[in-house]
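The values are calculated or read from the model by the stated rules, or taken from the named source; none is laboratory data. Because the structure is predicted, anything quoted here is derived from the model rather than measured. Cβ placement follows ideal geometry from the backbone for every residue including glycine, while neighbour counts extend to all protein chains displayed. Note: accessible area is taken over every heavy atom of the protein model, side chains too, but ligands, DNA and RNA are not part of it. Shrake-Rupley method; radii C 1.70, N 1.55, O 1.52, S 1.80 Å.
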Amino acid sequence: LVDWGLPFASTGHTTPVTLLSGFLGAGKTTLLKRLLENSRELKIGVIVNDVASVNVDAQMVLSHSAGTDGLEVVQLENGCVCCSISDDLFSSITTLLSKRPQGYDHLLIELSGVSDPMAVKKNWEFAKRVRHPAAMRSDIRQVLTLVDASCFASDWLDGNPDAEKRNQGADAATAVVSVSAASSVVARPVVELLAEQLEAADTVLVNKADLLSPKDLESVEALVSAINVTAEVHRTTFGDIDPLVVLGRKEECRTVPIAQQDALSDDHSEKGSVEGGRSHGHSHGDQHGHSHSHGHGSSPAAKFGISSFVYRARRPFNADRFQVFCQGIRGKLEKESGGSRLGGLTGLLRGKGTCWLTTNHLYEHSWSFAGLTSTLAKGNPWWHAMSEEHREWRAAYPGMDKVYAAVRAEAWDLEGTYGDRRQELVFIGGPDLDEEATRKQLDECLLTEAEMSEFMEQHGHEQAPFELSFENVSMRA
């Protein structure tokens, strides 16, 4: 075991954690202040993250909550909470737990407007695997994402990564998310971050609801429900919400003060950390997937006819033809929307998944489509494209053994010779989403029989180089 040299043990009271997510100006700090006003007798630890050099949010929270009993606030400046185990996030949790070794009733972590909650959750899971005391004494129980209803629809259709944003409090770069792709840093569109923040959420607050008409507000809620069918959605104004929605997610979070918890039965024990993803009920044995309705009864998604389907195939896409397909989607949606920011709930709303391309064919690619923007990012080598030694080495990294086992169980080609190399794309859209036409267009992007034969003859024997990157640290044998 690693001796972390921290002033508290890895065992003891496990504190539930809520991540507060949302783009710049969505109202996270206002919500946080309201929660602290109505925290009752709970002992709460707060971490405020900001991308600017001066943490204005933390200063506001500290000023607002001065003198509050049982409250501890830690601020991060220029801190990245999405990166490695040694980052500022776990240092801040360590600071909080050092101040109160017996733990807290709840930790609230306000992420910066450009943070990806899923990256934070993965980082947390890794920290637990190596038994970092701060991670062992805390559990992410909920991701709560705020949506600025007044401009969400326009942001959704805005593909410009460096567009000027309202009330940023930082330079224009804060509207850009940088990722490593093909050995270079690229700017990701804001809409892609919005989608990821929504998809990671257990609860979504459609904030500033008073600034929209009932019809437009319903359209925003329908889009939110289409992107994340399982999340609870609440309308709020100035972040006014029952604290139990945040501090106590159903039966999973303890909202009784620590002093009273001895009376709780063993049935209320911890349930473990939230898993990184959620099931959508798709069968992985079905070659092309199936469509189904997102919604129950009178939900906004059901009212607007939201549906989805999964496209699967075992041949690579011709990269040029797939690019034409992506350009065609954008052109069609631009024509359908007619410049309207709230009337575009008819066609494709969201697309994402894993691609096998003829370029860089030894590597999987992640495809994302949101609003009017399509992005493609090169990832790690396909497991099947590695040597046996390479696979064993990669699977030995903490947590990767489960990833490999899941790929073998759910995505491996048991009848052919392609392993995990595949197309697996999810499409979510409104009533005008034409599944048959979309499948036909994607089929036309695949290599033909003749092209596939030539492709395998030229490249079938190739293996990926023995190289892998974790958290932007490249390792090569």
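The table that follows gives values for the structure above.
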quantity: Residue within the range 395-415 that is of a type outside the set (Gly, Ala, Ser), assigned to a helix (DSSP H, G or I) and either closer than 30 Å to Phe152 by Cα or open to solvent by less than 20 Å² (accessible area, probe 1.4 Å) (or both) present; calculated: no
quantity: Ala385 vs. criteria crowded, with 17+ Cβ neighbours inside 10 Å and under 26 Å from Val224 (Cα atoms); calculated: no
quantity: Pair list, Cβ under 7 Å, 6 or more apart: the range 117-130 residue within 18 Å of Leu146 (Cα to Cα), other residue part of a helix (DSSP H, G or I) and open to solvent by less than 20 Å² (accessible area, probe 1.4 Å); calculated: Pro117/Gln197
quantity: Considering residues of the range 200-240 that are open to solvent by less than 30 Å² (accessible area, probe 1.4 Å) and over 21 Å from the mean Cα position of the chain (by Cα) only, the residue farthest from Ile306 (Cα to Cα); calculated: Gly239
